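**Q** Before I ask anything, here is the structure I am working with.
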Amino acid sequence: MTVTRSMSGKTVLITGGTGGIGRAAAVALASMGARVGITGRDRARAEDSAARIRADSGNRAVDVFVADMSSQAEVRRLADAVLREYPRLDVLLNNVGGFWAHRHLTTDGLEHTFALNHLAPFLLTSLLLERLKTSAPARVVTVSSNAQSMGRIDFADLMGDRTYSGQQAYNQSKLANVMFTYELAKRLEGTGVTATVLHPGVTSTSFGAEDTARGWGALIAVMRPFMKTPEQGAETSVYLASSPEAEGLTGKYFSDRAPRKTQKASYDAATTARLWQVSADLVGLSPPARAAL
Ligand SMILES: NC(=O)c1ccc[n+]([C@@H]2O[C@H](COP(=O)([O-])OP(=O)(O)OC[C@H]3O[C@@H](n4cnc5c(N)ncnc54)[C@H](OP(=O)(O)O)[C@@H]3O)[C@@H](O)[C@H]2O)c1
């Protein structure tokens, strides 16, 4: 991976930094000198990952935050811990996400894919936004997927109560990542905080392994030799988080470090505003937090 910039003095929070694309991004950004916070669900696994990130990057400034981000109470606790530990936050990399073949409910009674892939970054970003603004220039980078192009926000059945397909739920959540970013960029105009979103490329990680569809293992085995390595999959995240070229870029979707168009519906201002409002209601944003956006 090309080192494009010294990140000394910068603080970066990466959700889902214990494995896959997030861990590779953590190594790259720590190698550039950033203080890097990673999140994961399990303390021992997260501490072990942090130790390996320190060894691989030669940077001791790697911190662990433990949270199951499918739970809104845990996202709130995570935000409180980050605000306590980090007086400044230069980059928030919303990386955590996954695919579940079957429908699961979170502790909040919400469909897991929508809750983890979309509502968790929505809530975490909202709760950290003032800290990002006071650290400006700062960046919010969100990992989506080209699956956004097949997504549809089904306002009548957001949680897949009536019909659930793992693929549709994933596509919807990844389109929601894009629309969230476009709306966030608008709301952040003039603050010095940018919002970008990206497709990492098909990458060999543990993606989808928690709840596999029939035939998934065989499909992955066939595709694995053609997939990106985690380091390659992290390149666009790292570029948007650190590159001087990306300074000031906002409200755009990237793949292979280049801006790309997303599906037509993603640019519909009324739909992005509606999704924002529905998401704010679902995460119970208090009026002061909402006023910050
Ligand atoms: N891999 C691909 O081909 C591909 C393609 C397009 C987009 N993406 C996107 O890239 C992002 C990263 O995916 P990946 O492939 O690196 O996946 P991965 O290897 O499965 O890693 C997922 C990360 O998320 C964390 N995580 C999972 N559930 C969590 C939860 N409930 N609370 C907190 N953390 C949780 C995991 O940490 P712990 O298990 O330690 O908690 C791990 O660090 C996702 O947003 C995905 O949608 C991936």
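The values are calculated or read from the model by the stated rules, or taken from the named source; none is laboratory data. As the structure is a computational prediction, the values presented were derived from the model and not from experiment. A quick note on method: Cβ atoms are made from the backbone with ideal geometry, for glycine too, and the neighbour counts reach across all protein chains shown.
**Q** Condition test on A241, is it touching a residue at least 60 places away in the same chain (Cβ under 8 Å) and either in contact with a strand residue (DSSP E or B) (Cβ under 9 Å, 6 or more places away or on another chain) or in a loop (DSSP other than H, G, I, E, B) (or both)?
**A** yes
**Q** If a residue has to be within 15 Å of the ligand (Cβ to nearest atom) and within 18 Å of H118 (Cα to Cα) to count, how many in the range 188-208 make the cut?
**A** To start, the set of residues in the range 188-208 that are within 15 Å of the ligand (Cβ to nearest atom) comprises 196-208.
Filter again for within 18 Å of H118 (Cα to Cα), leaving 196-200, 207-208.
Counting residues in the range 188-208 that are within 15 Å of the ligand (Cβ to nearest atom) and within 18 Å of H118 (Cα to Cα) gives 7.
**Q** Would a scan of the range 156-164 turn up a residue that is more than 18 Å from T271 (Cα to Cα) and within 12 Å of the ligand (Cβ to nearest atom)? Explain how you work it out, then say what you get.
**A** Here is the first cut: in the range 156-164, the residues more than 18 Å from T271 (Cα to Cα) are 160-164.
Then keep just the ones that are within 12 Å of the ligand (Cβ to nearest atom); that gives none.
No, there is no match, as no residue in the range 156-164 is more than 18 Å from T271 (Cα to Cα) and within 12 Å of the ligand (Cβ to nearest atom).
**Q** Suppose the filter is modelled with pLDDT of 95 or more, within 13 Å of the ligand (Cβ to nearest atom), assigned to a strand (DSSP E or B) and under 28 Å from L29 (Cβ atoms); does T142 pass it?
**A** Yes: the conditions hold for T142.
**Q** Let me spell it out: the conditions are (1) within 12 Å of the ligand (Cβ to nearest atom); (2) of a type outside the set (V, I, T); (3) in a helix (DSSP H, G or I); (4) surrounded by 14 or more Cβ atoms within 10 Å (Cβ to Cβ), and D211 meets all of them except one. Which number is the exception?
**A** The single condition D211 does not satisfy is (3).
**Q** State which residue is nearest to the chain's Cα centre (by Cα) when the search covers only the range 180-202 and only residues that are among the β-branched types (V, I, T) and over 20 Å from A169 (Cα atoms).
**A** Checking each candidate, the answer is T196.
**Q** Just to verify a result, which residue in the range 69-109, among those that are β-branched (V, I, T) and under 18 Å from G16 (Cβ atoms), is surrounded by the most Cβ atoms within 10 Å (Cβ to Cβ)?
**A** Looking at residues that are β-branched (V, I, T) and under 18 Å from G16 (Cβ atoms), I get V75.
The rows are residues; the columns are (1) away from the ligand (no atom under 15 Å from the Cβ); (2) surrounded by 15 or more Cβ atoms within 10 Å (Cβ to Cβ).
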residue	(1), (2)
L13	no, yes
G17	no, yes
G20	no, yes
R23	no, yes
R35	yes, yes
A46	no, yes
G58	yes, no
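**Q** Which one of the conditions (1) surrounded by fewer than 24 Cβ atoms within 10 Å (Cβ to Cβ); (2) more than 11 Å from the ligand (Cβ to nearest atom) does A28 fail to meet, given that it meets all the rest?
**A** Single failed check for A28: (1).
**Q** Given L188, L219, which one is loosely packed, with under 15 Cβ neighbours inside 10 Å and either more than 18 Å from F122 (Cα to Cα) or modelled with pLDDT of 85 or more (or both)?
**A** Only one candidate qualifies: L219.
**Q** State which residue is modelled with the highest pLDDT when the search covers only the range 98-114 and only residues that are within 23 Å of T196 (Cβ to Cβ) and within 10 Å of the ligand (Cβ to nearest atom).
**A** Applying the filter and picking the extreme gives T113.
**Q** For a quick check of your reading of the model, give me the residue pairs whose first member lies in the range 148-177 and is surrounded by 13 or more Cβ atoms within 10 Å (Cβ to Cβ), whose second is at pLDDT 95 or above and acidic (D, E), with beta-carbon atoms closer than 7 Å and at least 6 apart or on different chains.
**A** Here the result reads M159/E111; G160/E111; A169/E111; Q172/D154, each pair linking the range 148-177 to a residue that is at pLDDT 95 or above and acidic (D, E).
**Q** Give all pairs with beta carbons closer than 9 Å in which a residue from the range 42-71 that is within 17 Å of N95 (Cβ to Cβ) and of a type in the set (V, I, T) meets a residue that is at pLDDT below 95 and within 11 Å of the ligand (Cβ to nearest atom); count only pairs at least 6 apart in sequence or on separate chains.
**A** Matching pairs, first to second residue: I53/G17; V62/G17; V64/G17.
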